[in-house]
1. Could you tell me how many degrees, from 0 to 90 and to the nearest 10, lie between the Cα long axis of helix 213-229 and the main elongation axis, the longest principal axis, of the Cα atoms of the chain?
2. Calculated FRET efficiency, residue 220 and residue 318, Cβ-Cβ r, R0 60 Å, to nearest 0.05?
3. Starting from region 434-521, pick out the GluC sites (Glu not before Pro) whose DSSP state is loop and whose Cβ has at most 16 other Cβ atoms within 10 Å.
4. Place a label point 7 angstrom from the Cα of residue 456 along the Cα-to-Cβ direction, then list the residues of region 421-440 whose backbone nitrogen is under 15 Å away.
5. Could you give the nm distance between label points at residue 17 and residue 329, where each point is 7 Å from its Cα heading toward the beta carbon?
6. Once the Cα atoms of the chain are picked out, what are the Rg and Dmax in Å?
7. Rounded to the nearest 5, what % of the DSSP beta bridges within the chain are antiparallel ones?
8. Grab the alpha carbons of region 383-426, take their convex hull, and tell me the volume per residue in Å³.
Amino acid sequence: MNEIERRRTFAIVSHPDAGKTTLTEKFLLFGGQIQVAGAVKNNKIRKTATSDWMEIEKQRGISVTTSVMEFDYQNYKVNILDTPGHQDFAEDTFRTLTAVDSVIIVIDCAKGVETQTRKLMNVCRMRQTPVIVFVNKMDREGRDPFDLLDEIEQELQIKVRPLSWPINQGIHFKGVYNIYENNLNLFMADKQKIAEKVTVDIHSADLEERVGERDAQKLRDDLELIKEVYPAFDINTYRSAEVAPVFFGSALNNFGIKELLDCFVQIAPPPQEVMAEERTVSPEESKFSGFIFKITANIDPNHRSCIAFCKVCSGRFQRNTPYYHVRLDKSMRFSSPTQFMAQRKSTIDEAYPGDIVGLPDNETFKIGDTLTEGEHLHFRGLPSFSPEMFKYIENADPMRSKQLNKGIDQLMNEGVAQLFVNQFNNRRIIGTVGQLQFEVIQYRLENEYNAKCRWEAASLYKACWIESSDDAELEEFKKRKFQYMAKDREGRDVFLADSGYVLQMAQQDFKHIKFHFTSEF
Ligand code: G4P
C-alpha cells in the first residue's frame, strides 16, 4: 500500500514549443536526476527539420531512454512519461495518456490555448484524467493572467483554480506567490541549476523592499480578487477532473517550478483503478496485471531489439516470474525487465502499480496486450483515432514483398500508423495524423526491413468505424458503399468517406448506423 500511495505517474504535454521539454528538465533537476540543465537533449524533432532523417533516428534513440523518467522526490516516487514533441506523432501521445494517472498541460503565456492543447485536453476529458495547467514563459510579455484563466476555462472546458500567482510579467517578472502554501519564495533566475530562495512575508514591508511598492500592492489586490472569484481549492474536484489547478512561472528561469512540483506530488492522484473489459482492476489487488501501451522497435540497427512498455496496474511485478500473455494464451517470463532513470536504464527485480517496466520484446507484443497471473483480462482505453491523412501503400520492389509485409505488420504493431484494407480492390491504405509519419514509415521500411514502398494518393476525408443495431440497414449500407468499405487490423468494418459532404449524407440517409471517430465505442 505504501508503495502505491507514494507513486505519481503522469505526463507533461503541450502544444509544440510551449516548454514541455524545459519543464521536464527542471523537474529532473529538482529530482536530482541530472545536475545541470541541458543534460537531457532536446527529445523532439526540431520543427525546422521535418525531413532530417538523422534527427528522426536521434529522436528514436533518445526516446527509449527518456520514455519514462523516474525519480524520488521527498517521499514520492515520480514517473514522468515522455510524449513526442512533434504533433505528427499525436497518436503516440494519446496512447501514452492511457498509462498516466494525471497530466500537466503547459501553455505559453503569450499564445494561450493552442490547437494541440485543445486536442490533448479532449483526450484527458474523455478519460477523466486530472489535469494541472502550467502557464509558462511569464518572463515574456504575454496576456493578462486573469484573461488567460478565462481563456483556459472556455477553450479547455474545465473550471480553473490558480494555486500560484505571478508577480508581474515580462522583463519585470519577479517570481510567483505560492497560493497553495501561502508563502512567497523569491528565487534568483538561474537557467542551469536550482537557485537559492528567499522567503518573504507578503504582509510585511519586506515585500515592498523586495518587489517594489507597485508590484507589492498589485499582488495583494490580485490575491484578494482570486479569493473572491474562485472557490477555495478542493483536492476532490481536482482528482475528479472537474477543476484544473493553474500555476504560473518560467521553466527556463526556474521560477514557479518548485511551487508546482511540491504541490503536484501532494495533490496528484496515486495509481488509480483501471477498467478492463471484464471488470475494474484495483491497484491494491495482490495479483499482478499490466498492459502494453508503447512499443519501440529496432532502436539499434546492429541489434534487432524491441522494448515493450508495460504499465503495472495491480499487484507486484517480479523478475523471472511466469506471467500470462492473454492474447497469445501463453506463459512468459522476463529475465531482464528494465526501468528508466533519466538517461540510464537498469534491470529491476520488482515493480509496483504506477511503474512502467520495459520488457525486451521479440515481436510478441502488440499495443494493448495484457499480462496477468492467469486471469483473462483485457484492458480497454487504447483507442485508435480516425486518421487525417491517407495514402495507398504499394510495393516498390516485387522481390521483397515478404519483407514489406513484415515491416508494415510490425510498424502497425508499434502503432506508428493505422492500416486499412479496402474490401473492394484489396489495396492497403495507411492512415496517419501527419505527413511526417509517411516519411518515417518509408525510411524505416528501407532501413530496418530492407523493403521499398511507394505511396499513391488516396483522396479520403475520414475513416470511421461503423456499427448498427439494424443488420439489414448495415448490409444495405455496405452494399451501397462497397467501393469505400475497408477492414481495420482487427477485422472491423470501416467506412472511408471521401468528403465531408459524403459523410454527412451517409449519416442522414442511414439513421441507425453509428459512425465512430475512435476505434473504441
Ligand atoms: P516543447 O518541448 O514544448 O516543444 O518546448 P521547449 O521546452 O523545447 O521550449 C521551446 C522554446 O521555449 C525553447 O527555446 C525554450 O528555451 C523556450 N522556453 C521554455 N521555457 C521558457 C520560459 O520560461 N521563458 C522563455 N522566455 N523561454 C522559454 P528554443 O529557442 O526553441 O530552444 P533552445 O535553443 O533555447 O533550446
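Every number in this text was worked out from the coordinates using simple rules, so none of it is lab data. Computed from a prediction, not measured in an experiment: that's the story for all the values here. Glycine gets a Cβ as well: all are built from the backbone with ideal geometry, and neighbour counts include every protein chain shown.
1. Taking the Cα atoms of the chain, the angle to 213-229 is about 50 degrees.
2. Values: r = 55 Å, r/R0 = 0.92.
That gives a FRET efficiency of 0.65.
3. Working: sites: 439, 446, 448, 456, 467, 473, 475, 476, 490, 520; in loops: 490, 520.
Here the sparse-neighbourhood loop sites are 490, 520.
4. 421-430
5. About 5.3 nm separates the two model spin labels.
6. 24.5, 81
7. Working: 77 of 100 bridges.
The antiparallel fraction comes to roughly 75 percent.
8. Details: hull volume 4.2 nm³, N = 44.
Convex hull volume per residue, Cα atoms: 96 Å³.
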